[in-house]
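Working notes for the structure below.
The values are calculated or read from the model by the stated rules, or taken from the named source; none is laboratory data. The structure displayed is predicted, hence computed values, not measured ones. Ideal geometry is used to build each Cβ from the backbone, glycine not excepted, and the neighbour counts take in all protein chains shown.
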Amino acid sequence: MKQEKWITGIICLLVIFCAGCFYLYHGQKTTGQDKPFQPEAVSDASGEPSDRQEQKTGQSETPAEYAVYICGAVKHPGVYRFTEVARVCDVVEAAGGFTQNAAEASVNQARYIADGEQIEILSRKQWKKSQGQGIASSDHPTDGQDDGKININTATETELMALSGVGPSKAKAIIEYRTQNGTFASVENIMQVPGIKEGVYDQIKDSITV
């Protein structure tokens, strides 16, 4: 009788032990399946997380610089630089404003500037010529010397190309020279421009002025 009770007790303990092992095994398995997936940060080729890379990409770049050469009827001709978008009126203001003989209507002051461009402000005399109105008047008498001549200090590339023997390359060279060295003191100084030799000068000397 005592032996039967002892065997029954052992069987009960084994059943409890097996039940406990079964519960622990399946409980851990279920917990592992229910655990939410945590994605790792994706790194780029430099080893930095992609969110940092996106942050770098979104940063604003350094503003572009606008360099503009203004010449003609302004108080201080020269090259002016702007770190943001500007208009022609801003360039004129930077150059000290118009001179007294400037034809303000000869340029669109509301236009946006472009990097590397040249802005020429015509005098009233030049503006009248360009409009085909003539220049002989009591207010603006002519001395006969400048009539019909091209001013090599203010002429545009197109106007310079109208000279005999001056093509696109020589016209650009003249503008580049006066941009870097200032205006010509005399018509003879144009021979200091690369490509403008005595032969070319002899062809244009009677058609130019300063």
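Residue check: is K75 touching a Ser or Thr at 6+ places or on another chain (Cβ under 8 Å), modelled with pLDDT of 50 or more and farther than 25 Å from S207 by Cβ? In short, yes.
So that you can scan it fast, the table gives a plain yes or no per residue for (1) of a type in the set (A, V, I, L, M); (2) in contact with an Asp or Glu (Cβ under 6 Å, 6 or more places away or on another chain); (3) surrounded by fewer than 17 Cβ atoms within 10 Å (Cβ to Cβ); (4) at pLDDT below 85:
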| site | (1), (2), (3), (4) |
| --- | --- |
| E159 | no, no, no, no |
| S164 | no, no, yes, yes |
| G167 | no, no, yes, no |
| K172 | no, no, yes, no |
| R178 | no, no, no, no |
| E188 | no, no, yes, no |
| D202 | no, no, yes, no |
| D206 | no, no, yes, no |
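When A136, A110 are screened for being in a loop (DSSP other than H, G, I, E, B) and at pLDDT 85 or above, only A110 passes.
When you check Q100 against the structure, is it more than 19 Å from the chain's Cα centre (by Cα), polar (S, T, N, Q) and at pLDDT 90 or above, yes or no? It is false that Q100 is more than 19 Å from the chain's Cα centre (by Cα), polar (S, T, N, Q) and at pLDDT 90 or above.
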